[in-house]
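In what follows, a structure is listed as structure tokens, so that the remarks can point back to it.
The values are calculated or read from the model by the stated rules, or taken from the named source; none is laboratory data. Small disclaimer: the values here were computed from a predicted structure and weren't measured. FYI the Cβ positions are ideal-geometry reconstructions off the backbone, even for glycines, and counts take in every protein chain you see. Accessible surface is based on the protein model in full, side chains and every heavy atom, while ligands, DNA and RNA are left aside. Shrake-Rupley method; radii C 1.70, N 1.55, O 1.52, S 1.80 Å.
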Amino acid sequence: MTWLTAERWRLLVPAVSLTVLLIAVFWLQPRTMSYTGLNLLFNLAVPIALATIAQMLIMMVNGLDLSMGTFVSFVACVTATFLQTDPLVGALILFGCIAIYGALGVVIYLRNLPAIVVTLGMSFVWGGLAVLLLPTPGGAAPEWIRWVMTSKPPFVPMAIVASVIIAAAAHWLVMRSSFGVVLRGVGGNERTVERAGWSVLRARATAYAMAGFFAVLSGMSLVGLTTSADANIALRYTLLSIAGVILGGGEFVGGRVSPIGAVIGALTLTLAASFLSFLRISPDWQIGAQGAILIIVLALRLVLTRREARVAH
Amino acid sequence: MAAIKAMLAKPWIWSFVAAAGVWMVTILFTAGASTLGLTQAALTFAAFSIIVGLGQMFVITLGPGNVDLSIPSTMTLAGTVALKLMDTNNGLIAVGILVTLAVGVTVGIGNYTLIKLLRIPPIIATLSSSFIIQSTAIWYNRGIRIKPPRVLAEFTTASTLGIPNVAWLALAISIVAWVLLERGIYGRWVSAIGQNMRAARLAGVPVDGVRVATYVLCAVLAALAGFLLSCFSGGAALNMGAEYLLTSIAVVVIGGTAVAGGFANVPGIWGASLFLFLVVSMLNTYGASAGVRLFLTGVIIIAVIIAASRRLGEGSSTS
């Protein structure tokens, strides 16, 4: 079993969980086993997957972004207002946001600040800006984003095509490119990377800016699906994205992340919500059952990571 | 001079300086008219953040990854269950308090069971359990808002010697927490685990016992805060704990406790809690809208953290 490397073991649990959940959904509601059905099931997975990748990039350099939900909400508000009425101004604002993320990476590194705290503060900043921009729900999605998100490619629904593209792009960026190795190295052992002659400052700024970029895409795609925005539209994304990374086999420290796993984790979380509504669980217990699914998947992971340890040695 | 220097070296001093600054600015704006009211309101609302913040402080001190995200849902569950059982009856107050403590103990043990048995990172374990706790509260509550017993409602809203009763309670709990942390073996153990869990284990610290006690302590304090808050505000609401998710973490960190664990700080929680409330009321006094208020709160939090931080390579890293 030489092809079964530790890295692949890491992916096995998320993949198995997703498959089991998908089979359960098909069994409960056979009509979902179609183009339209799959599209509906995974529609909202695209923005969540993008936010999960963004969170993963921050966790890769040993940070944690507690402002992900408010930031994606803010981006959604910008997309539904400025990007639709004055595309140039909107684009400038969004580029500015990515620059701010890069600057956060720099400040966190230079002042030796805990990322959790800085992003905690930023969550108030983004939340405030979003409320200022859209005090009441409204705005409209730009035509072209709407077109991209609702387009119907042959055979496979857009949501799945997009998820595969996101996973492949992030995998190449983080796992295959040489700069990705440096980035993961910063999470693993910062001093080693520095001694090897790489700029930790630049690596951190890049990781944060890339996270900002993916989070911007998340907000834009969300508006493409919902057609309008409000200041609280994506608040759940902070916790969802963290859970997605962990479900996908990532870890909080040490630069051990898996982009493909993260996307699968996001898909699993999206599917769990549909699964519960098909089970006709009382609305009172919907949230609780989501917690239970999270626990079950992580228990499964415990069983399999014990084997991973055996494979690795 | 040396005394001033020693004071400035204390990690908690900045939160008090910031709180005092904001207090002065607000008082100046209203020309002193609101001095008493503002101080009382600040002490009242800070008291709730202080109680949950103390629990979160012990958890965060256990080391990287240790954060309790189930505080809001525990607050909600304790408030709903206790108020429903007491059913506005003054004679059942003891039952209500016992149930509150029981909710806290159960949640704390449940959280640590997940962390230990499934080896889930605490942040994810408490996140998952918070969903289940929240659902239990929704199921138990059924959308009914029950008033607190009259005695409790009066106690939580009244003052003794000019200081709100809830602030006295928070002070008592803080003193106990300070003694536990600075004078007791428990505090040494928590800090030791946060600094290096392996070394602590090898040195004979009962790591699991201390960790489970810490998660129980945090949940019990959250339950107590939820109980007091629902009595204070005339009934439990399902979303009443929501704002304490970020607040509980923010007061710990602004108060000078190390986010990486190993170094806790009780006085700082007071400074930070007063500071956070005063910032919001200052912005209210200036007539800022909700958006501006949130935005400036964030900017001020970040500014305080940067001001209190050290440059890279300067001294030992305590942040």
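At 1.4 Å probe size, with every protein chain present, just tell me what the per residue accessible area of chain B comes to in Å².
Values: 13310 Å² over 319 residues.
Result: 42 Å² per residue.
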### Query
In a shell of Cβ-Cβ distance under 13 Å around A:G102, excluding A:G102 itself, what net charge do Lys and Arg (+1) and Asp and Glu (-1) give?
+2
### Query
Out of A:S258, A:S34, A:S73, any idea which swings most in a Gaussian network model of chain A, alpha carbons joined below 10 Å?
A:S34
### Message
So if a site counts as exposed when it's one of the trypsin sites (Lys or Arg not before Pro), its DSSP state isn't H, G, I, E or B, and it has at most 12 other Cβ atoms within 10 Å, what's the longest stretch of chain B without one?
### Response
B:143-310
### Query
Build a GNM of chain B with springs between Cα atoms under 10 Å: which of B:S174, B:S70, B:S34 gets the top mean-square fluctuation?
B:S34
### Query
What is the set of long-range amide H partners of B:S159 at a cut-off below 5 Å, with H atoms built 1.01 Å from backbone N?
B:N165
### Furthest towards positive pole of dipole, B:V25, B:G268, B:P164, structure part chain B, Cβ charges
B:G268
### Task
Could you check how much of the accessible area of chain A is carbon and sulfur, as a whole percent, using a 1.4 Å probe?
69 percent
## Note on the structure
With a ≥ b ≥ c from the Cα gyration tensor eigenvalues, square-rooted, and the rule rounded for a/c under 1.5, otherwise prolate when a/b > b/c and oblate otherwise, chain A is oblate
### Query
Which net charge results when you count Lys and Arg as +1 and Asp and Glu as -1 among the other residues whose beta-carbon is under 11 Å from that of B:R142?
+1
### Query
In the range B:60-94, which residues have a backbone nitrogen under 12 Å from the label point lying 7 Å from B:Y140's Cα in the Cα-to-Cβ direction?
B:73-86
### Query
Using +1 on the beta carbon of Lys and Arg, -1 on that of Asp and Glu, and nothing else charged, what's the dipole of chain B about the Cα centre, debye to 20?
400 debye
### Message
Suppose R0 equals 60 Å. What FRET efficiency, 1/(1 + (r/R0)^6) with r the Cβ-Cβ distance, do B:S34 and A:F155 give to the nearest 0.05?
### Response
0.35
### Query
With the Cα gyration tensor of chain B giving a ≥ b ≥ c as the square roots of its eigenvalues, does the rule (a/c under 1.5 for rounded; else a/b larger than b/c for prolate; else oblate) give rounded, prolate or oblate?
oblate
### Query
Using a 1.4 angstrom probe and counting only protein chains, how large is the accessible area of B:D208 in Å², to 10?
50 Å²
### Task
Measure out, as a whole number of angstrom, how far apart the alpha-carbon centroids of the range B:14-63 and the range A:126-150 sit.
36 Å
## Note on the structure
Going residue by residue through the range A:271-282, the Karplus relation 6.51 cos²θ - 1.76 cosθ + 1.60 with θ = phi - 60° gives ³J(HN,Hα) values, rounded to whole Hz and with x marking Gly or Pro, of 5, 4, 5, 5, 3, 5, 6, 5, 6, 6, 6, 4
### Query
Quick one: putting +1 on the C-beta of Lys and Arg, -1 on the C-beta of Asp and Glu, what dipole do you get for the range A:6-306 around its Cα centre, in Debye to the nearest 20?
700 debye
### Query
Given the protein chains as shown and a 1.4 Å probe, how many square angstrom of A:C77 are accessible, to the nearest 10?
0 Å²
### Query
Ranked from highest to lowest mean number of other Cβ atoms within 10 Å per residue, what is the order of the peptides A:122-130, A:178-186, B:87-95?
A:122-130, A:178-186, B:87-95
### Query
For labels at B:N89 and B:T285 in the simple 7 Å Cα→Cβ model, what's the distance in nm?
4.6 nm
### Max mean-square fluctuation residue, GNM over chain A, Cα-Cα springs under 10 Å, options A:I23, A:I260, A:I287
A:I287
### Task
Might you work out the accessible area of A:K152 for me, using a 1.4 Å probe with all protein chains in place, and round it to the nearest 10 Å²?
140 Å²
### Listed residues B:F227, B:A41, B:V210: farthest to the positive end of the dipole of the protein assembly as shown (Cβ charges)
B:V210
### Summary
Yeah, the protein assembly as shown with a ≥ b ≥ c from its alpha-carbon gyration tensor (a/c under 1.5 is rounded, else prolate when a/b outruns b/c, oblate otherwise) is rounded
### Task
For an R0 of 25 angstrom, estimate the FRET efficiency from the Cβ-Cβ distance between A:R202 and A:A169 and round to the nearest 0.05.
0.75
### Message
Distance between the C-alpha centers of the range A:273-291 and the range A:215-244? Whole Å please.
### Response
21 Å
